[in-house]
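Before any comments, here is the structure.
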Amino acid sequence: MALFPSAPGGGQEVAHGYKGKGVLLHFVTDSNGRPIAVDSTAADGNEREVAKKMLTDLRTHRFSEKFAFVEADRGYDSEKLRSALLGLKYFPLIFWRKFRTVTDRPTTREMFDLFRIASQRWKIERFFSIIKRKYRRLLMRWERLQLSWLSFCKLALIAFWLF
């Protein structure tokens, strides 16, 4: 999932997206809504490529070879990402975009019912609201350098786990 902080000052990796000038913060959380990884891209960046890179890093560095579920919103819907996640032993529970013309696909609700799991999307939304309320520095990007911006983001995640 991604959070959109605006960046009126500009800088590295700042671009005009569908919400205006800014950046996207991409988070990976565990099943309880606690952050595991963060990355930042320009507002017009490719969300699917960032998700694939972040989940590949998590699989190779931190987690075992067990199969895991990945739930994401419609912005991450693509066949390339779904097949890459299946290759990494992640089962993608990603909502389909509305403009897709494939009619034989199962709905996401049918996939949830098939595996008898409930949607956990509210946990990442709760995490976003905590980030917006507690770490207001992340609501707007004032840093010009990408490294400084990511450092503040990672510092907020460390503080999230400590406090």
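Could you pull out the residue among 29, 41 that is in contact with a helix residue (DSSP H, G or I) (Cβ under 8 Å, 6 or more places away or on another chain), at pLDDT 80 or above, under 22 Å from residue 145 (Cβ atoms) and not aromatic (Phe, Trp, Tyr)? Write out each step before concluding.
Values: 29 fails: under 22 Å from residue 145 (Cβ atoms).
Criteria check complete, one pass: 41.
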Listing of strands (runs of 3 or more DSSP E) fully contained in region 1-92 that carry 1 or more residues being charged (D, E, K, R) and under 17 Å from the mean Cα position of the chain (by Cα): 35-42, 68-72
Is it the case that some residue within region 70-79 is hydrophobic (A, V, I, L, M, F, W, C) and closer than 19 Å to residue 122 by Cβ? yes
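If the requirement is being surrounded by 15 or more Cβ atoms within 10 Å (Cβ to Cβ), under 23 Å from residue 137 (Cα atoms), of a type in the set (Gly, Ala, Ser) and in contact (Cβ under 8 Å) with a residue 12 or more places away in the chain, which of these qualifies: 51, 68, 72, 2? Quick ask: steps written out before the conclusion?
Details: 51 fails: under 23 Å from residue 137 (Cα atoms); 68 fails: under 23 Å from residue 137 (Cα atoms); 72 fails: under 23 Å from residue 137 (Cα atoms).
Going through 51, 68, 72, 2 in turn, just one is surrounded by 15 or more Cβ atoms within 10 Å (Cβ to Cβ), under 23 Å from residue 137 (Cα atoms), of a type in the set (Gly, Ala, Ser) and in contact (Cβ under 8 Å) with a residue 12 or more places away in the chain: 2.
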Inside region 88-131, can you point out the residues that are at pLDDT 65 or above, among the polar types (S, T, N, Q) and either surrounded by 13 or more Cβ atoms within 10 Å (Cβ to Cβ) or more than 30 Å from residue 157 (Cα to Cα) (or both)? 120
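The values are calculated or read from the model by the stated rules, or taken from the named source; none is laboratory data. The structure presented is a predicted model; accordingly, all values stated were derived computationally and were not measured. A quick note on method: Cβ atoms are made from the backbone with ideal geometry, for glycine too, and the neighbour counts reach across all protein chains shown.
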